[in-house]
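*Asks:* So that we are looking at the same thing, I have put the structure below in structure tokens.
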Amino acid sequence: MKSVNGNEIIQLFESWSPKKLACMPNDPIGLAIGTVNKEVTKVLVTLDVTLEVVEEAIAQGCELIIAHHPPIFRKLSNLRTDTPAGKLYEKCLKHDIAVYAAHTNLDVAQGGVNDLLADALQLENRKILEHTYSEQLMKLAVYVPTEYAETLRIALANAGAGQIGDYDTCSFTTAGEGRFRALDGANPFVGQIGEVNVEPEQKVEVVFPSSQKNRILKAMLNTHPYEEPAYDVWELALTAKEEGLGRIGTLQQPMTLQQFAEFVKVQLDVPCLRVVGDLQRTVSKVAVIGGDGNSYIAAVRRAGADVFVTGDIGFHMAQDAEVNGLSIVDPGHHVEKVMIKGVAEKMKVLCAKKKLPVQFIESQIHTEPFKFI
């Protein structure tokens, strides 16, 4: 059976939740404890990394933990093993368990925390609430012999070039003639050294995000038949598809705020929640942000939401929202636990496609610190 290096798992994870999406300054994402440069057969997916979660990973035989909340949120001034945090780090190191954290990048990522919450609330016609990331588009124009043009277009598309909105494999081709003379020392694919050669060629143009430049050029150079391909690359005044925090959409059918609050309790599996606003008011347009959404109330109001689902709302923020006609349903920070099942299932699918024999285990440890009486 093929063994899987932990780096392969992280690369696969970051293919859909890359670090560049992180929207909090100095967000401590990535590898926090240990090493992933080792064989990994089992991965535990969790919201938080507590001592009980580490013990669960040990019991399950996991070599890697993928968490949403970073286990080391602030810089350490020491590494004492007689403190609760120190004991956690010590246990991970003694049992060679690596811990990888995906925080605000997983909030922003398509299929990440906020999409999973929007899925649970069955929101339709959803959009990004607050745009936090965009990427410059670039264009490649490459000249290739006519009979190799289709092969090159396919290779570029497979490398990720030519995606525009909801369309992929986009390109533009112009027919023409290429002229060149091979000098001494050349190894021409067509034509003779010292003679001007005229070749039927096509100019193939594709766009791609700037972060994919090296990948696209590598695919082009590996596929192109010429020893010295002629090509141009330049930046466009356009940006690639934007990413962002939070989601806003509509309910399948309007509800009173009271009904919606009860719906949230069931869908997000919480014993209780806090509600701001007239319980008999009808709500239809819903904004959602996992975790602490205090900083985004203005964005929610601008977006025209009837109700905002988020956690950790402060007293004065709640008062301001109520005065301005915005209802709030606060089910707590811990509803981000939806990422446990969501990440595990997505990674199972991705690993199955790559035929990587890795097991993803959903943590069963309850890490909600609050008790509801």
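*Asks:* Of the residues that sit in region 348-372 and are more than 21 Å from residue 337 (Cα to Cα) and not in a helix (DSSP H, G or I), which one is most open to solvent (accessible area, probe 1.4 Å)?
*Replies:* 355
*Asks:* Just checking, does region 211-225 include any residue being touching a residue at least 24 places away in the same chain (Cβ under 8 Å), open to solvent by 80 Å² or more (accessible area, probe 1.4 Å), part of a loop (DSSP other than H, G, I, E, B) and on the phi < 0 side of the Ramachandran plot?
*Replies:* No, every residue in region 211-225 fails to be touching a residue at least 24 places away in the same chain (Cβ under 8 Å), open to solvent by 80 Å² or more (accessible area, probe 1.4 Å), part of a loop (DSSP other than H, G, I, E, B) and on the phi < 0 side of the Ramachandran plot.
*Asks:* Residues that are aromatic (Phe, Trp, Tyr) and open to solvent by less than 30 Å² (accessible area, probe 1.4 Å): does region 263-271 have at least one?
*Replies:* No, region 263-271 contains no residue that is aromatic (Phe, Trp, Tyr) and open to solvent by less than 30 Å² (accessible area, probe 1.4 Å).
*Asks:* For region 170-184, indicate whether the set of residues that are farther than 28 Å from residue 104 by Cβ, open to solvent by 40 Å² or more (accessible area, probe 1.4 Å) and among the aliphatic types (A, V, I, L, M) is non-empty.
*Replies:* The answer is yes; a qualifying residue exists.
*Asks:* Only one of (1) modelled with pLDDT of 95 or more; (2) over 20 Å from the mean Cα position of the chain (by Cα) fails for residue 237. Which number is that?
*Replies:* (1)
*Asks:* What is the number of the single condition among (1) within 23 Å of the chain's Cα centre (by Cα); (2) over 22 Å from residue 125 (Cβ atoms) that residue 293 does not meet?
*Replies:* (2)
*Asks:* On to the next question. Would you confirm, using the coordinates I've provided, whether residue 188 is surrounded by 15 or more Cβ atoms within 10 Å (Cβ to Cβ), out of contact with any helix residue (DSSP H, G or I) (no Cβ under 8 Å at 6 or more places or on another chain) and without any contact (Cβ under 8 Å) to a residue 40 or more places away in the chain?
*Replies:* Considered against the rule, which asks whether it is surrounded by 15 or more Cβ atoms within 10 Å (Cβ to Cβ), out of contact with any helix residue (DSSP H, G or I) (no Cβ under 8 Å at 6 or more places or on another chain) and without any contact (Cβ under 8 Å) to a residue 40 or more places away in the chain, residue 188 comes out as yes.
*Asks:* Looking at region 316-342, which of the residues that are among the small types (Gly, Ala, Ser) and either open to solvent by 40 Å² or more (accessible area, probe 1.4 Å) or not in a helix (DSSP H, G or I) (or both) is farthest from residue 293 (Cα to Cα)?
*Replies:* Here the residue is 325.
Results for (1) in a helix (DSSP H, G or I); (2) over 23 Å from the mean Cα position of the chain (by Cα), shown as yes or no for each residue.
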residue: 254; (1), (2): no, yes
residue: 258; (1), (2): yes, yes
residue: 264; (1), (2): yes, yes
residue: 286; (1), (2): no, no
residue: 299; (1), (2): yes, no
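*Asks:* To continue, here is another question. Out of curiosity, is residue 126 modelled with pLDDT of 95 or more and open to solvent by 50 Å² or more (accessible area, probe 1.4 Å)?
*Replies:* yes
*Asks:* Within region 69-77, is even one residue of a type in the set (Val, Ile, Thr) and touching a His at 6+ places or on another chain (Cβ under 7 Å)?
*Replies:* There is no residue in region 69-77 that is of a type in the set (Val, Ile, Thr) and touching a His at 6+ places or on another chain (Cβ under 7 Å).
*Asks:* How many residues, within region 151-168, are open to solvent by 80 Å² or more (accessible area, probe 1.4 Å), within 18 Å of residue 221 (Cα to Cα) and among the polar types (S, T, N, Q)?
*Replies:* Number satisfying all stated conditions: 1.
*Asks:* Applying the selection to region 9-37, what residues are open to solvent by 30 Å² or more (accessible area, probe 1.4 Å), over 20 Å from residue 114 (Cα atoms) and not in a helix (DSSP H, G or I)?
*Replies:* 26, 31, 32, 34, 35, 37
*Asks:* Please state which of the following conditions residue 44 fails to meet, knowing it meets all the rest: (1) farther than 30 Å from residue 212 by Cβ; (2) open to solvent by less than 50 Å² (accessible area, probe 1.4 Å); (3) touching a His at 6+ places or on another chain (Cβ under 9 Å).
*Replies:* Among (1) farther than 30 Å from residue 212 by Cβ; (2) open to solvent by less than 50 Å² (accessible area, probe 1.4 Å); (3) touching a His at 6+ places or on another chain (Cβ under 9 Å), residue 44 violates only (3).
*Asks:* A further question follows. Check off (1) more than 21 Å from residue 110 (Cβ to Cβ); (2) open to solvent by 70 Å² or more (accessible area, probe 1.4 Å); (3) free of Cβ contacts under 8 Å to residues at least 60 places away in the same chain; (4) hydrophobic (A, V, I, L, M, F, W, C) for residue 307 and give me the number that stays unchecked.
*Replies:* (2)
*Asks:* Still on this model: I need the strands (runs of 3 or more DSSP E) fully contained in region 46-134, keeping only those with at least 3 residues that are among the charged types (D, E, K, R) and under 23 Å from the mean Cα position of the chain (by Cα).
*Replies:* Qualifying strands (runs of 3 or more DSSP E): 124-133.
*Asks:* Against the definition (open to solvent by 20 Å² or more (accessible area, probe 1.4 Å), without any contact (Cβ under 8 Å) to a residue 40 or more places away in the chain and not in a helix (DSSP H, G or I)), how does residue 345 come out, yes or no?
*Replies:* So residue 345 fails the test.
*Asks:* Name the single residue, out of those in region 226-261 being small (Gly, Ala, Ser) and closer than 30 Å to residue 159 by Cα, that is surrounded by the most Cβ atoms within 10 Å (Cβ to Cβ).
*Replies:* Only one residue fits best here, namely 246.
*Asks:* How about region 273-295: which of its residues are open to solvent by 50 Å² or more (accessible area, probe 1.4 Å) and either touching an Asp or Glu at 6+ places or on another chain (Cβ under 7 Å) or under 25 Å from residue 68 (Cα atoms) (or both)?
*Replies:* 274, 285, 292, 295, listed by residue number.
The values are calculated or read from the model by the stated rules, or taken from the named source; none is laboratory data. Note that the structure is a prediction, hence the values are computed from the model and not measured. Glycine also receives a Cβ, built like all others from the backbone with ideal geometry; neighbour counts cover every protein chain displayed. Side chains are part of the model used for accessible areas, which takes the heavy atoms of the whole protein and leaves out ligands, DNA and RNA. Shrake-Rupley method; radii C 1.70, N 1.55, O 1.52, S 1.80 Å.
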